[in-house]
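These notes are about the structure you will find just below.
Bear in mind that the values in this text are calculations on the coordinates, not laboratory data. Here the structure is a predicted model, which is why all the values come from computation and not from measurement. Glycine gets a Cβ as well: all are built from the backbone with ideal geometry, and neighbour counts include every protein chain shown.
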Amino acid sequence: MTRDYFAAVSTRAARAVARFSKDQAGAITVDWVVLTGFIVFLGIATSFYVATSVPMVAEKTQGTMENMTVMPD
């Protein structure tokens with residue numbers, strides 16, 4: 001293979017990379033995928049936090065209610 005062949009291939013590759021970097025056609029799709037992934041992550045994190053906190057709050061509420069005395073009318 002000659003030097004001219006490699007020069008032509010590298011020039012075509014450089015042009016293809018330049019065209020790809022300037023193309024904005026799929027940018028909005030990527031933005032939506034990233035945004036949706038972040039929202040899903042927040043939902044999972046919130047669910048985990050709530051699921052681990054509810055039993056603790058329930059135990060505290062039970063302890064408080066057991067220690068209360070109700071005055072008859």
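Relative to the longest principal axis of the Cα atoms of the chain, the long axis of helix 3-22 makes an angle of roughly 40 degrees.
Placing pseudo-labels 7 Å out from each Cα toward the beta carbon at residue 13 and residue 68 gives an inter-label distance of 7.5 nm. Among 34, 50, 17, determine the one that fluctuates most according to a GNM of the chain built with springs between C-alpha atoms less than 10 Å apart. For the chain, modelled as a Gaussian network with Cα springs under 10 Å, the answer is 17.
Principal-axis analysis of the Cα atoms of the chain puts helix 27-66 at an angle of about 20° to the longest axis. Considering only Cα atoms, the convex hull volume of the chain works out to 137 Å³ per residue. The value obtained for the range 25-67, namely the Cα convex hull volume divided by the number of residues, is 35 Å³ per residue.
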